[in-house]
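See structure below.
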Amino acid sequence: MVGLIVARSKNNVIGKNGMIPWRIKGEQKQFKQLTTGNAVIMGRKSYEEIGRPLPNRLNIIVSGTKKFEGENLLTTASVQEAIKLAGDKTVYIAGGYGLYKEAIPYVDKMYITEVDTVVEDGDVFFPEFDESEFEKSTGASGGDEISFTRTTYTRKIQQHEIKGKTITFRKLGEADLDTFINMRIGQLTEEYEAEGKNPPEGVDLETALKAYYHTHMADNTFVSWLALDGDKIIGTSGMSFVVKPPYFTCPTGRLGLLSSMFTDPGYRRMGIAKELLERVTEEARDYGCGAVWITASNMGVKLYTAYGFEHNGNFMQYKLV
Ligand SMILES: NC(=O)c1ccc[n+]([C@@H]2O[C@H](COP(=O)([O-])OP(=O)(O)OC[C@H]3O[C@@H](n4cnc5c(N)ncnc54)[C@H](OP(=O)(O)O)[C@@H]3O)[C@@H](O)[C@H]2O)c1
């Protein structure tokens, strides 16, 4: 996934005199959370402003005049090149103007922090973009003397070249439901068969799933991202949102439950499951969830561990059926 992170003022300013024109407690926290363990791509001037590579992530600097090299530090001449250099890592474009301008046409998701201030005499601005290509979500607010609000803009139709194929990523819609349900039932049936069992008889799962998806897609408590090769769905994912009593690290009490992770056998080992996992996990972040839970299959454990999921020490389950 190609992400973009920016904070802009009410009059679209992102820089003034070579600096970010505000200091707001907690404003940079999201940047650290998103980019740690991934790759961050920034222009030469933004990098020189920071003056050192950011720790625990790959720093790729775009410059036609200088070379910065070291541990977790690379330089290249264009944003496209930088994305290639990042390999499997999720990349975040971190500015300034030229990088944003080059990346916006193909960026999958923009994390735009709207800073509640007007900056006079700003000299670097965030480029204009076509909002109709994106789905906007408004998140938490924070700040001190100056407040800010998190927003995300997710591209509705995302396309990536993966191992020579053009794969489209988009959200599940009502028109996909019959295929999605068939795939889901097929997947659940396979899980029984893998254990040498048959699924319980007399359960009308199709009707039950249809009712579930209708209700929970309508109130946004279920979201799914699909991967398609042409018109064919070749990968699925799902995230349900539940609420428990709020706790310190998550005052909304919201929790994401991951399900329906499936890749067509002909498209495995291409990184498609990770791409889908990332998109639904980011949906959970947008929804204000404090964590994402999954009951992983043996095959899934490797994927989730590589992504950063951890075993939750005392997590236990009491089966009622
Ligand atoms: N508010 C925010 O979220 C945010 C984020 C980032 C930066 N900023 C602010 O923005 C300002 C810096 O931004 P800026 O736009 O002036 O500079 P910048 O993008 O950080 O750096 C510009 C340099 O990067 C290289 N470059 C940029 N775009 C390129 C492209 N498409 N292809 C090849 N090389 C490219 C060139 O380096 P060479 O000259 O070496 O060829 C160019 O001179 C600062 O004030 C900074 O604080 C704000």
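Values in this text are rule-based calculations from the coordinates and carry no lab data. Quantities reported herein were computed from a predicted structural model and do not represent experimental measurements. Reconstructed Cβ throughout: ideal geometry from the backbone, glycine too, with neighbour counts over all protein chains shown.
Kindly write out, for region 139-145 in residue order, the coupling ³J(HN,Hα) from the Karplus curve 6.51 cos²θ - 1.76 cosθ + 1.60 (θ = phi - 60°), rounded to whole Hz, with x marking Gly and Pro.
In residue order, the calculated couplings are x, 6, 10, x, x, 10, 5 Hz.
Among Pro199, Ser240, Leu303, which residue has its Cα positioned farthest towards the positive end of the charge dipole of region 159-307, with +1 placed on the Cβ of Lys and Arg, -1 on the Cβ of Asp and Glu, and the dipole taken about the Cα centre?
After comparing all options, I get Leu303.
Positive end of the dipole of the chain, charges at C-beta (+1 Lys, Arg; -1 Asp, Glu), about the Cα centre: which of Phe222, Thr76, Gln33 has its Cα farthest in that direction?
Sorting the options by dipole projection puts first Thr76.
When we measure straight from the Cα of Lys101, which aspartates and glutamates land under 13 angstrom away, once same-chain ones fewer than 8 places off are left out?
Lys101 reaches Glu128, Asp130.
For a quick size check, give me the Cα extents of the chain along its three principal axes, largest first, whole Å.
70, 44, 40 Å, listed from the longest principal axis down.
Rounded to the nearest 20 Debye, what is the dipole magnitude of the chain about its Cα centre when Lys and Arg each give +1 and Asp and Glu each give -1 at the C-beta?
880
Taking the Cα atoms of region 123-195, what is the range of coordinates along each of the three principal axes, in descending order and whole Å?
Here the spans come out as 61, 33, 25 Å, largest first.
How big is the dipole moment of region 159-307 about its Cα centre under a simple scheme where the beta carbon of each Lys and Arg is +1, that of each Asp and Glu is -1, and everything else is neutral? Debye, nearest 20, please.
580
Does region 125-257 come out rounded, prolate or oblate by the C-alpha gyration tensor, with a ≥ b ≥ c the root eigenvalues, rounded set by a/c under 1.5 and, if not, prolate when a/b is larger than b/c and oblate if not?
oblate
Normalise the Cα radius of gyration of region 15-57 by 2.2 N^0.38 Å (N = residues in it) and let me know the number.
Compactness ratio reported: 1.22.
Suppose a student asked you for the relative contact order of the chain, using Cα pairs under 8 Å spaced at least 6 residues apart; what percent would you report?
14
Nearest 20 debye, what's the magnitude of the dipole of region 1-116 about its Cα centre given +1 on Lys and Arg Cβ and -1 on Asp and Glu Cβ?
The dipole magnitude comes to about 280 debye.
For region 10-83, report the translational diffusion coefficient in µm²/s to the nearest whole number, using Stokes-Einstein at 4 °C, 1.567 mPa s, and a Kirkwood Rh over Cα pairs.
Value of D from the Cα-based Kirkwood radius: 97 µm²/s.
Give me the one-decimal Kirkwood hydrodynamic radius in Å for region 235-321, with the sum taken over alpha-carbon pairs.
14.0
Across 5 Å bins from 0, what is the distribution of all Cα-Cα pair distances for region 1-158, in whole percents?
With 5 Å bins starting at 0, P(r) equals 2, 9, 19, 23, 22, 16, 8, 2, 0.
Cross-link partners among lysines for Lys197, C-alpha distance below 30 Å, same-chain residues fewer than 8 apart left out?
Lys210, Lys232, Lys274, Lys302, Lys319
Setting aside same-chain residues fewer than 8 positions from Lys29, which lysines have a Cα under 19 Å from its Cα?
Filter leaves Lys109.
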